[in-house]
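For reference, the structure discussed in these notes is given below.
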Amino acid sequence: KMVNCGLVTSKNEPVTLKSIEVNLQAQGHVATVSSTLQYVNEEQGPVEALFVFPMPAEAALCHFSAKIADQEVVAEVQEKEKARELYDDSLSSGEQAFLLEESEESVDVFRLSVGCLPPGQSAAVTFVYVTELSVQADHSLRFCLPVVLNPRYSPPGTKHKLLNSCQNVITPGSAQIPYSLSLTAHLSSPNPIAKVESKCPLKPVEFLNADHTQAKVSLCAGHKFDRDVELFLYYQNTHQPTAIVEAGVPTAQPGSLMGDSVVMLSLYPEFPEAVTSMVSSCGEFVFVMDRSGSMSCEMHNGLNAEERIKSARNTLLLLLKSLPMGCYFNIYGFGSHYESFFPKSVEYSQETMDQVVQRVKQMQADMGGTEILQPLKHIYSQPCIPNHPRQVFIFTDGEVGNTKDVLQLVRSNADSHRCFSFGIGEGASTALITGMAQEGSGHAQFITGADRMQSKVMQSLRYALQPAVTDIAEVWSVPEGMSVTLLSPPVKVLFNGQRALIYAQLKGKVRDFKMLFITALLVGWIALLYQHVTNTLSFSLNPAENTGLTIHRLAARSRIRSLEQEQQAEGDGKEELRARVVELSVQAGVSSSHTAFIAIHKGSGEAVKGPLLKRRLPGFCQCSSHSDSSTESLLFCALTAHTHKPSDPLLQLISLQEASGCWKMESTLAQVFGKTIEEVTKQMPAEVEPGIWATVLALIWLHGFKMDAHDEWQFLAIKAVSWIRSSWFLKPLPSILELSIQ
């Protein structure tokens, strides 16, 4: 059922939120984001507004203020329960109060309570956060402003009040949203800015200096709130290692995190050429597919959009065809319950692949809610296969309410597997998708808008099949009188092309920072090559200018998250760890799971007359109208699905490949080429077997017509070439074959 959104009264009165203004300051690999929300109480009596919104999981909230009339109130960070008590006491006294707190179940959801606004009163609420910019496959840096928050499914028997307070549903892109969004981004980088791209309409990029190291860009007016706002920043030489030293606060206590200098290192380890060309032939690959009701929604709201489940099916088929012979695999589907294709992982062969291909093609989004915890528990309970490292690939639209429980489970099993996660569609939880990959020493991908899922997933498969750098150690060489304290968690694993961000506190005193340098070494081990990899970065201790404590706050956020994880796993000592989190959160002025921002406007001191109306804002809390638990939504998806479209010839070719890597000479293959079987076989050399000829033609077709999708079929081609060579073992290849497989 469609529910009208807003600050809900018994008469469905209008929403008080009028506009959202966002200002982005991006400096290299990090960014500071300021959002201002304009409210006005148009009611006859006082109101309390509730505004639930998403935030990037890697962000640190560092400022919150409210401007009422001409007076500004800046919030303080306090222990959460104390802040809640102050908020309730203020409302009881008729004072205006504002409370901003993090969800207890997921670090990427916040709730803002705007309390006791008198009738006719306006208020401007501003919150600021700092965040890292993630690296994409094409080397761009991605900034995402989440404006879509899907309702999070909570398993039966659980109570997640903060997440469940966001259950008013509105169709994305509808005319019901009564407020506007504006966004302006100011960019600066040590290297020239090549370009800025987005899936949302942007005004032309304005370069602010001759060397293009500073630029400005804005979002076009009229955003429909149907998708997250993404900016892709392209810098020249973005893989160049960098270090930013930020001076401490002069008034802060010496030796404290805020009193000392902090450094952020951005490293891209250089791999030997042998690593990038090496592909493993072993491993246990477990594919976990979300089949909840929301997976029947479309990938985006544009033309020719595929259903999420269909795109996931096609991607899973490509993955299956790309696996090496001799590995092991299994497939899980989950919703309110789960099922696996096999009781335990089986060896990859033509027989086992044939068994699963038809079942994959029939997979539907028909399993109810989104309970990912139980299938993961079952996977981790299975014994690992000797000499076949376990790699878990998880596909989900990220609509769960028990994110912290899932991450704790992945973390406790991190020694037995690597986890590659994929967030499908708008509004996928960054805390869940990024968190599973981080805890499982894997890689996270987000597939939004018109992105092809296949290309992003195949990048992760390359990571899974190629050797990674493990057993990583960080070695620092510092001047006499100084020491280094790491604030970020240890780097567990690195893949080719992956960035490592490292935060460290620089302790001690030296005479002249400008004349001193520190050397940091990142040393790791590549097991399959039996060799070490070393990356070295030397940098000056001269502090950067105009960073606004961004590095300190990101470093504090990193340390706070580590302490919170220790607290979850700890038996005794939980209260001590909690106290350390609160102390660091208050000292650095950044959010945590145990603190909240509280602001109180004393006003005239007179109690506000009239009953306090509680109303809920839609805010960024939008989602598709296809909820996991709604039978009506599933029928809607089925009735509005696209009519049958011609099959993608690339997907047809992929589906015809055998597990060994070859293709059979058959009419369906000829149809992919747009030929008859007679036309295809007429030019076949006499000494060449039909299977080899079919495989050669498939390779020629891929190279001739699908080079733009090379990343998707790369492993299929490797298998095909290997099969041809093995089939002609000890025999010279005909020249036409030799040319085709080079």
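Quick notes on this one:
- Residues Ala252 and Lys224, FRET efficiency given R0 of 35 Å [Cβ-Cβ distance, rounded to 0.05]: 0.20
- Set of the stretch 367-407 residues, backbone N closer than 15 Å to the point 7 Å along the Cα-Cβ line of Ala569: 405-407
- Once the convex hull of all Cα atoms in the stretch 260-359 is built, its volume per residue stands at 246 Å³.
- Table column - 3J(HN,Hα) (Hz), the stretch 287-296, Karplus curve with 6.51, -1.76, 1.60, x for Gly and Pro: 9, 10, 10, 5, 10, 6, x, 5, 6, 7
- Under the criterion of Cα pairs below 8 Å and six or more residues apart, the relative contact order for the stretch 352-424 equals 38 percent.
- Note on the stretch 363-445: antiparallel DSSP beta bridges, both residues inside, total approximately 10 percent of the bridges counted.
- Per-residue HN-Hα couplings for the stretch 184-199 [Karplus 6.51, -1.76, 1.60; θ = phi - 60°; Hz; x = Gly/Pro]: 10, 10, 10, 10, 9, 7, x, 9, x, 8, 6, 6, 10, 10, 7, 7
- Measuring only protein heavy atoms, the 1.4 Å probe finds Thr32 accessible over about 40 Å².
- Largest to smallest in accessible area, the residues His552, His223 fall in the order His223, His552 (1.4 Å probe, all protein chains included).
- The amide H of Val109, built 1.01 Å from its N in the peptide plane, has Met55, Ser103 as neighbours under 5 Å, considering only residues 5 or more places off or on other chains.
- Area accessible to solvent at Glu687, 1.4 Å probe radius, in Å²: 110
- Applying a DSSP loop filter and a limit of 15 other Cβ atoms within 10 Å to the trypsin sites (Lys or Arg not before Pro) in the stretch 229-328 leaves nothing.
- Protection proxy ranking of 387-396, 244-253, 280-289 - average other beta-carbon atoms within 10 Å, highest first: 387-396, 280-289, 244-253
- What the Cβ-Cβ distance of Met707 and Asp354 gives, at R0 = 22 Å and to the nearest 0.05, is a FRET efficiency of 0.15.
- For Tyr348, residues with placed amide H under 5 Å, excluding near neighbours: Gly326, Cys327, Tyr328, Phe329
- Among the listed pairs Lys377/Lys456; Lys675/Lys706; Lys361/Lys675; Lys664/Lys719; Lys80/Lys574, those whose Cα-Cα separation exceeds 20 Å are Lys377/Lys456; Lys361/Lys675.
- Relative contact order (%) - criterion: Cα under 8 Å, at least six apart; region: the stretch 83-146: 19
- Whole-number Å³ per residue for the convex hull built on Cα positions in the stretch 343-455: 133
- Averaging 1/r across all pairs of distinct Cα atoms in the stretch 26-80 and inverting the result yields a Kirkwood radius of 14.6 Å.
- Per-residue ³J(HN,Hα) for the stretch 493-501, Karplus 6.51 cos²θ - 1.76 cosθ + 1.60, θ = phi - 60°, Hz, x for Gly and Pro: 8, 9, 9, 4, x, 8, 8, 10, 9
- Largest to smallest accessible area among Ser266, Ser412 [probe 1.4 Å]: Ser412, Ser266
- Normalised per residue, the volume of the convex hull around the Cα set of the stretch 31-147 (Å³): 114
- 5 angstrom amide H check on Thr595, placed H, neighbours 5+ away: Lys80
- A protection proxy built from the mean count of other Cβ atoms within 10 Å ranks the segments 454-461, 343-350, most packed first, as 454-461, 343-350.
The values are calculated or read from the model by the stated rules, or taken from the named source; none is laboratory data. Since the structure is predicted, the reported quantities are computational estimates derived from the model, not experimental observations. With ideal geometry, Cβ positions are generated from the backbone for all residues, glycine too; neighbour counts draw on all protein chains shown. Only protein heavy atoms, including side chains, enter the accessible area calculation; ligands, DNA and RNA are left aside. Shrake-Rupley method; radii C 1.70, N 1.55, O 1.52, S 1.80 Å.
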